[in-house]
Amino acid sequence: MKVLVVGNGLTWTKRPNTNFILNDEILIDTPQGSTKAMKDIIDYEKIKYILITHFHSDHFTDIHIIVDIINKRNNKEKVSIIAPKSFFKRLKNIMKSLEVKSHINYLKNHFNVIELKGNEKLKLDKYIFESFTVIHKVSIALGYSITDTTENKTVGFSGDTCMCEGLEKIIDKSSTIFIECSCTQKSNKHLSVQENINLRQKYKNKNFYSIHVTDDILKNYKEILSIPECNENIII
């Protein structure tokens, strides 16, 4: 499996917001600015799946642009969007607010929208997608594990979360985990540096990469937390 880390930052950094492209065909999160960050590194003709973790702008709001791009591509195979409940309603509201209501028809023509409550499993083509409810002080937030059955490998993505049962389940399912690290101090919405370190010590047989990091954390903990570079390819 190949994970392209498009960005490793968050809203308050100059670096691109955190999102990923898995095996050239799975796009994970669509934060504001991601279409510009991905311009020269993504082949939209290959995208088969889009996963959304939650509806904060640094994970979601470029989705309407990507819907437009997919509509214009040569490949007419439908793309599956896997997202938390209320995705379709929220996206329609965004399109109406931005006066691109015509894009709603693109959703019907070019996408299969699968809304999840969390703690559900999907088998689509060669992939098994499992969603896990995580705690981020929003209406719904999901993390995911993705298994490539042809390689028998599983990678996990925490989304934004504090320490919770859902996060532990993602780690348990996955051999490699991309885990958020937004805080220097413990928080009820995000994971801290020390919690990232503690998880590495607890699960010594797992591979962790910390993402969604502030400039301060990148500067002081890059090696300790195995923070990947923007546009870095990681082979699992």
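Meeting the requirement of 2 or more residues that are of a type in the set (F, W, Y), the helices (runs of 4 or more DSSP H) wholly within the stretch 1-98 are 87-97. For R200, only one of the following conditions fails: (1) within 19 Å of I52 (Cα to Cα); (2) not in a loop (DSSP other than H, G, I, E, B). What is its number? Condition (1) is where R200 drops out.
Within the stretch 32-48, the set of residues being crowded, with 20+ Cβ neighbours inside 10 Å and either of a type in the set (A, V, I, L, M) or touching a Phe, Trp or Tyr at 6+ places or on another chain (Cβ under 7 Å) (or both) comprises A37, M38, I47. Here the stretch 73-118 is the region considered, the condition is being over 19 Å from Y49 (Cβ atoms) and of a type in the set (S, T, N, Q), and the residue that is modelled with the highest pLDDT is S86. With the condition kept exactly as written, say whether any residue in the stretch 200-220 is without any contact (Cβ under 8 Å) to a residue 40 or more places away in the chain, touching a Cys at 6+ places or on another chain (Cβ under 7 Å) and either under 29 Å from V79 (Cα atoms) or of a type outside the set (G, A, S) (or both). Checked the stretch 200-220: at least one residue is without any contact (Cβ under 8 Å) to a residue 40 or more places away in the chain, touching a Cys at 6+ places or on another chain (Cβ under 7 Å) and either under 29 Å from V79 (Cα atoms) or of a type outside the set (G, A, S) (or both). Applying a threshold of 6 Å to beta carbon distances and a minimum spacing of six or more residues, or different chains, the list of pairs starting in the stretch 26-42 at a residue that is of a type in the set (S, T, Y) and ending at one that is at pLDDT 95 or above and not in a helix (DSSP H, G or I) reads T30/D62; S34/N19; S34/D62; T35/D62.
Hey, does the stretch 143-164 have a residue that's modelled with pLDDT of 95 or more, in a helix (DSSP H, G or I) and not basic (K, R)? No, the conditions are met nowhere in the stretch 143-164. Restricted to the stretch 1-56, and to residues there that are over 21 Å from V155 (Cα atoms) and acidic (D, E), the residue that is nearest to the chain's Cα centre (by Cα) is D43. Residues of the stretch 172-184 that are in contact with a Leu (Cβ under 8 Å, 6 or more places away or on another chain) and either over 18 Å from I227 (Cβ atoms) or part of a strand (DSSP E or B) (or both): I179, E180, C183.
Please tell me if N105 is over 30 Å from V193 (Cα atoms), in a strand (DSSP E or B) and polar (S, T, N, Q). Here the answer is no, as N105 does not meet what is asked. Quick check on my filter: what residues within the stretch 137-155 are surrounded by 24 or more Cβ atoms within 10 Å (Cβ to Cβ) and either out of contact with any Phe, Trp or Tyr (no Cβ under 7 Å at 6 or more places or on another chain) or polar (S, T, N, Q) (or both)? Within the stretch 137-155, A141, V155 qualify.
The values are calculated or read from the model by the stated rules, or taken from the named source; none is laboratory data. Values in this document were obtained by computation on a predicted structure and should not be read as measured data. No Cβ is skipped: glycine too gets one built from the backbone with ideal geometry, and neighbour counts run over all protein chains shown.
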